[in-house]
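**Student:** Let me give you the structure first, and then I'll get to my questions.
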Amino acid sequence: MESGRTLGHEGIGVVEEIGEGVANLKKGDQVLISCITSCGRCDYCKQAMYSHCRDGGWILGHLIDGTQAEYVRIPHADNSLYRLPPGLEPAAALMLSDILPTGHEIGALNGEVHLGIPSLSLGLAP
C-alpha cells in the first residue's frame, strides 16, 4: 500500500457522478459499496468468485483510495455498487458490503454450502 492511501473498503453512499460506461445507476441513487470490485467479464467473475477478479478484487483502500474519503471512484460500478431499496435505513445494509460477499465466497462457493444443507457460520458479525 502506498503512503498516503485513503483506507476503507466498504460503505453506503450516494451516487454523485456517473462515469462513462455506467448504465445501471443514476445520480442520487443510494448504494451499497461492495468491498470487492468486479468486472463481471473475467473467468473468475463468471464463476461468481468476484474477489479474484482479474481487473478488480480488493482494491478499495488498498490499490486505490478507499471509502473513508469524502468522495470515492468505484471502478466497474455497474457490477460493484448495489442500489438500496427506497426507505431502507443505511445502517440496516452497511454490514452487507463486507460480510455478505465473504460468506458467499467462503461458505457457498468454497464450502459448497447449498440450500437445505445444515451449516453453522461463526465470526461473521461485528
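Just so it is clear, none of the values below were taken in a lab; they were calculated from the coordinates. Everything numeric in this text was worked out from a predicted model, so none of it was measured. Quick reminder, even Gly has a Cβ in these numbers, built from the backbone with ideal geometry, and neighbours come from all protein chains shown.
**Student:** Scan around I12 for amide H atoms under 5 Å from its own, H built in the peptide plane at 1.01 Å from N, and keep only partners 5 or more places away or cross-chain.
**Tutor:** I33
**Student:** Same structure, new question: Please state the charge dipole magnitude for the chain, taken about the Cα centre, from unit charges on C-beta atoms (+1 on K and R, -1 on D and E), reported in debye and rounded to the nearest 20. Please list the in-between numbers first.
**Tutor:** Values: 8 positive and 15 negative charges, 42 e Å.
So the dipole magnitude of the chain works out to roughly 200 debye.
**Student:** Oh, and also: Which of the peptides 56-63, 38-45 is most tightly packed, and how do the rest follow, going by the mean number of other Cβ atoms within 10 Å of each residue? Each step should come with its number before you reach the end.
**Tutor:** Details: 56-63: 19.8, 38-45: 16.6.
Going from most to least packed, we get 56-63, 38-45.
**Student:** Of all GluC sites (Glu not before Pro) in the range 1-34, which ones are in loop regions per DSSP and have a Cβ with at most 13 other Cβ atoms within 10 Å?
**Tutor:** Hits after loop and neighbour filter: E2, E16, E17, E20.
**Student:** Could you give each residue of the range 46-54 its phi-based ³J(HN,Hα) in whole Hz, using Karplus coefficients 6.51, -1.76, 1.60 with θ = phi - 60°, and x for Gly or Pro?
**Tutor:** So the Karplus estimates, Gly and Pro as x, are 5, 9, 6, 9, 5, 5, 9, 3, 5 Hz.
**Student:** Sticking with the crude label model, points 7 Å out along Cα→Cβ, report the distance from S119 to R54 in nm, one decimal please.
**Tutor:** 2.8 nm
**Student:** Per residue, what volume in Å³ does the Cα convex hull of the chain take up?
**Tutor:** Convex hull volume per residue, Cα atoms: 138 Å³.
**Student:** Using the basic label-point model (7 angstrom from Cα toward the beta carbon), what is the Q30 to S3 distance in nanometres?
**Tutor:** Label at Q30, label at S3, 4.1 nm between them.
**Student:** Right, another one. For the range 53-123 and the range 1-20, what is the separation of their Cα centres, given in Å?
**Tutor:** 14 Å
**Student:** In a GNM of the chain with a 10 Å cut-off on Cα contacts, which of V113, V14, V31 has the highest mean-square fluctuation?
**Tutor:** Evaluated over the chain, the most mobile residue of the options is V113.
**Student:** Here's a follow-up. Toward the positive end of the charge dipole of the range 70-113, about the Cα centre and with charges on Cβ (Lys, Arg +1; Asp, Glu -1), which of L96, I106, Y71 goes farthest?
**Tutor:** Y71
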